[in-house]
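The values are calculated or read from the model by the stated rules, or taken from the named source; none is laboratory data. What you are looking at is a predicted structure, and each value in this text was computed from that prediction instead of being measured. Glycine gets a Cβ as well: all are built from the backbone with ideal geometry, and neighbour counts include every protein chain shown.
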Amino acid sequence: MNAGSRAFRRPLRVGVIATILTGVLLLLCCAGGTAAFFLSGLGGEAEDGDTLAGWGCGPVRPVDIAGELPRFTEYGDAQVRNAAIIIKVGQDLGVPSRGWVIALATAMQESALRNLANSSVPASLALPHEGVGADHDSLGLFQQRPGWGTVTERMTPAYTARKFYEKLVKVRSWQRRPLTVVAQQVQISAYPDAYAKHEEPASRIVDALAGGAARTIEINGKAVCNAAERGQIAASGWTAPIPGDVGSGFRTSSRPSHNGVDIGAAKGTDIRAAAAGRVLVARCDPDDRGRKDCDVDGHPGKGGCGWFVDLLHAGGYITRYCHMVVRPRVSPDQIVPAGEVIGQVGSSGNSSGPHLHFEVHLRNDRSSRGAIDPVPFMRERGAPLRSVE
């Protein structure tokens, strides 16, 4: 059913990090100056990070912080090297890959992945750094204050990353909760919502540096690729809304205005939020005759999305869930974590039988203009919709 035109429509393993490669870290930093410097001359042209991120998943590989790293348009070589250090520390500590994404996104917001000294902390200026900040007495990649360690410690990227992870894994249900909530509980930032916009670029860097690790979920201590469903959340922060096979696809030749995909499932199957987000709409969509009779099964040609929900996610993404059997479990403006049950599969509205009509929209655009094919979008996030090829 096309609703677009109507609905607007793991535990931290105890252990010691391997000896810090001090020489390498010194190589990565420069003393003085306010701008990040860029490593060069490591031999050959570095691969494009976005290309590597899109190659797929597995096997998850350990990060080599001393080797050549891919390049990203948003960040210089020193910044990508710092990202590699953050991921490597997470790997050494046994933190699941979701933690790497959260740590990277946090450092992106706090320092743009630069190891910052502080003009108010003179001792920091004498240490290797990649820029000078002025936020209270905060230092380093995560802008940590004195309670996190000495000046030297807070100016050492591997140390600061380890301290971040140690606090991260103590946050209750951290793998399932929104990145902004988890990062805020670790950092205590004045601007907690600012972390959200970095979740996707952090996922891309994790994918490129660690073999698609942002597309994995942890099952029995192992990272499994492309299996995020039934409420299990990929490191990217996404999960399939229901387990089921895609029937009718996105804008097919027979249904060119079908702005989503139909996923077959039994009536009453739980529908889950594909990612953390805010509820924009949760209501009955009127049919073509203006009737709001969503508590009964619909039929082809009736029109309308039936009971439906629109969720707004970080990055301006919107997901839509149509044809629910009863009123959604959520309300407008409610914040829901990824994987939370928001309703049940039904056949209300313009529907020939129980299924979920699922849409993805870009740029905060709920109209048909913003709709994209959910199949590649969800696959790239490690939460593929089944039987779609």
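Within segment 82-95, track down each residue that is over 18 Å from T51 (Cα atoms), of a type outside the set (D, E) and out of contact with any Phe, Trp or Tyr (no Cβ under 6 Å at 6 or more places or on another chain).
So in segment 82-95, the residues over 18 Å from T51 (Cα atoms) come out as 82, 85-95.
Cutting the leftovers down to of a type outside the set (D, E) gives us 82, 85-91, 93-95.
Within segment 82-95, N82, I85, I86, K88, V89, Q91, G94 qualify.
So, restricting to helices (runs of 4 or more DSSP H) that lie completely within segment 96-198, which ones have at least 3 residues that are modelled with pLDDT under 95?
Values: elements: 97-111, 122-125, 151-154, 157-168, 179-187.
Of the helices (runs of 4 or more DSSP H) lying wholly inside segment 96-198, those with at least 3 residues that are modelled with pLDDT under 95 span 179-187.
Within segment 361-389, take every residue that is buried (at least 24 other Cβ atoms within 10 Å of the Cβ) and not in a loop (DSSP other than H, G, I, E, B) and give me the one that is farthest from the chain's Cα centre (by Cα).
The extreme case among them is A371.
Do we have any residue at all in segment 57-74 that's among the aliphatic types (A, V, I, L, M) and not in a loop (DSSP other than H, G, I, E, B)? Give the derivation first.
Keep residues of segment 57-74 that are among the aliphatic types (A, V, I, L, M), which gives 60, 63, 65-66, 69.
Imposing the further condition that a residue be not in a loop (DSSP other than H, G, I, E, B) reduces the set to none.
No, every residue in segment 57-74 fails to be among the aliphatic types (A, V, I, L, M) and not in a loop (DSSP other than H, G, I, E, B).
Test V80 against the stated conditions and say whether it is among the hydrophobic types (A, V, I, L, M, F, W, C), farther than 21 Å from A234 by Cα and either in the same structural domain as G382 (by TED's automatic domain parsing) or not in a loop (DSSP other than H, G, I, E, B) (or both).
Values: among the hydrophobic types (A, V, I, L, M, F, W, C): yes; farther than 21 Å from A234 by Cα: yes; either in the same structural domain as G382 (by TED's automatic domain parsing) or not in a loop (DSSP other than H, G, I, E, B) (or both): yes.
Yes; evaluated as a whole, the condition is true for this residue.
Taking A276, is it at pLDDT below 95 and surrounded by 17 or more Cβ atoms within 10 Å (Cβ to Cβ)?
On the way: at pLDDT below 95: yes; surrounded by 17 or more Cβ atoms within 10 Å (Cβ to Cβ): yes.
Yes: the conditions hold for A276.
Only one of R154, R172, R114, R177 is surrounded by 17 or more Cβ atoms within 10 Å (Cβ to Cβ), among the charged types (D, E, K, R) and under 21 Å from the mean Cα position of the chain (by Cα). Can you tell me which?
Details: R154 fails: under 21 Å from the mean Cα position of the chain (by Cα); R172 fails: surrounded by 17 or more Cβ atoms within 10 Å (Cβ to Cβ); R114 fails: under 21 Å from the mean Cα position of the chain (by Cα).
None of the other options fit; the residue is R177.
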